[in-house]
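> Okay, here's the structure, questions in a sec.
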Amino acid sequence: MPSPAEQLDVRPTAELSVAALAGIPLVRRGDNIADLIMHGLANSGLALQRGDVLVIAQKIVSKAEGRHVDLRTVTPSVRANALAVEVDKDARLVEMILRESTEVVRHRKGVLVVAHRCGAVLANAGIDASNVGSGGDDNHVLLLPENCNRSCHEIRARLAARIGIEVGVLIIDSLGRAWRNGTVGTALGAAGLPALLDLRGTPDLFGRELRATQVGIADEIAAAASLLMGQADEGTPVVLVRGLKLSDANGSANDLIRARELDLFR
């Protein structure tokens, strides 16, 4: 991780713009997300600039990567059947949650919180049936991308090949948080920008050295973009954020995951 001195340019300007790209079509398996972004930029009358950050909803990346599962093809294990009774969920869904996770962190009736294979702790391993495009059929669900950080790097590289400009890319989803009610946009993948800003060792306004301050800047960007993405039928899965003056540190969403030994909830 860069030293605090190397990160001092990770500060917003006096103005920050957040714009949802218009005209992004429904995404299907095999679609090129970079092409869809270029289409959305053209429809919105925008062109990418250095320092921009593109924030992309996890769901369209999962769709493009073919992460659909028909639960009618899933045979639950003995463990999934037993856990499904405890949490009052479809055993086939519980089976997929277990396959996508490394650990069951907490569970009770109606709630199943797990550590996903990517490291993030979240409900139901991020598996969702909303806006999947199956006509409201709960038999069809969508998994998270195989590797959100890798997907960000691939999208960033494809955009750079087209326009010659490297921008920051985030893949986000709405997650719940310990201590707080409600979901908030959260970064699951990052490329081309620092995900965690470590301010330890830098002075505050009065010269006092900060000792513990770390800023989840990728999550803050994700939350801002999520306001425009919405949660229902808005149809705006890509947001352009401009004005952050980010350093060129190439962070990872893994930087935001608290080590297990420091996680008081585990």
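> For Ser247, work out the one condition from (1) among the small types (Gly, Ala, Ser); (2) in a loop (DSSP other than H, G, I, E, B); (3) closer than 16 Å to Leu188 by Cβ it doesn't fulfil.
Here Ser247 meets the rest and fails (3).
> Another question, if that's okay. Within region 78-85, identify whether any single residue is under 13 Å from Asp138 (Cα atoms) and surrounded by 13 or more Cβ atoms within 10 Å (Cβ to Cβ), and answer yes or no. Steps first, please.
In the first step, residues of region 78-85 are kept if they are under 13 Å from Asp138 (Cα atoms); the result is none.
Checked against the condition, which is being under 13 Å from Asp138 (Cα atoms) and surrounded by 13 or more Cβ atoms within 10 Å (Cβ to Cβ), region 78-85 yields no hits at all.
> Consider Ile56 carefully, then state whether it is not in a helix (DSSP H, G or I) and not polar (S, T, N, Q). Before you say what the answer is, go through the steps one by one.
Numbers: not in a helix (DSSP H, G or I): yes; not polar (S, T, N, Q): yes.
Here the answer is yes, as Ile56 does meet what is asked.
> When you look at Ala191, is it over 20 Å from Ala20 (Cα atoms) and either of a type in the set (A, V, I, L, M) or touching a Lys or Arg at 6+ places or on another chain (Cβ under 6 Å) (or both), yes or no? Spell out how you get there, then give the answer.
Working: over 20 Å from Ala20 (Cα atoms): no; either of a type in the set (A, V, I, L, M) or touching a Lys or Arg at 6+ places or on another chain (Cβ under 6 Å) (or both): yes.
No, not satisfied.
> Then there's this: Does region 87-95 contain at least one residue that is more than 19 Å from the chain's Cα centre (by Cα) and loosely packed, with under 14 Cβ neighbours inside 10 Å?
From region 87-95, those more than 19 Å from the chain's Cα centre (by Cα) are 87-95; that's our starting set.
Applying the additional criterion that residues be loosely packed, with under 14 Cβ neighbours inside 10 Å yields 88.
Yes, that holds for at least one residue.
> One residue is enough: does region 152-173 have a residue meeting the conditions in contact (Cβ under 8 Å) with a residue 24 or more places away in the chain, out of contact with any helix residue (DSSP H, G or I) (no Cβ under 9 Å at 6 or more places or on another chain) and not aromatic (Phe, Trp, Tyr)?
Among the residues of region 152-173, at least one is in contact (Cβ under 8 Å) with a residue 24 or more places away in the chain, out of contact with any helix residue (DSSP H, G or I) (no Cβ under 9 Å at 6 or more places or on another chain) and not aromatic (Phe, Trp, Tyr), which makes the answer yes.
Each row is one residue, and each column tells you yes or no for (1) part of a helix (DSSP H, G or I); (2) at pLDDT 95 or above; (3) polar (S, T, N, Q).
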position	(1), (2), (3)
Ala14	no, no, no
Gly30	no, yes, no
Asp35	yes, yes, no
Leu41	yes, yes, no
Arg50	no, no, no
Ser62	yes, yes, yes
Ala80	yes, yes, no
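> State whether one or more residues within region 228-246 are in the same structural domain as Ile56 (by TED's automatic domain parsing), among the hydroxyl-bearing types (Ser, Thr, Tyr) and either at pLDDT 95 or above or over 22 Å from Ser62 (Cβ atoms) (or both).
Of region 228-246, the ones in the same structural domain as Ile56 (by TED's automatic domain parsing) are 228-246.
Still in the list and also among the hydroxyl-bearing types (Ser, Thr, Tyr): 236.
Still in the running and either at pLDDT 95 or above or over 22 Å from Ser62 (Cβ atoms) (or both): none.
Checked against the condition, which is being in the same structural domain as Ile56 (by TED's automatic domain parsing), among the hydroxyl-bearing types (Ser, Thr, Tyr) and either at pLDDT 95 or above or over 22 Å from Ser62 (Cβ atoms) (or both), region 228-246 yields no hits at all.
The values are calculated or read from the model by the stated rules, or taken from the named source; none is laboratory data. Note that the structure is a prediction, hence the values are computed from the model and not measured. Note: ideal-geometry Cβ built from the backbone for every residue, glycine included; neighbour counts use all protein chains shown.
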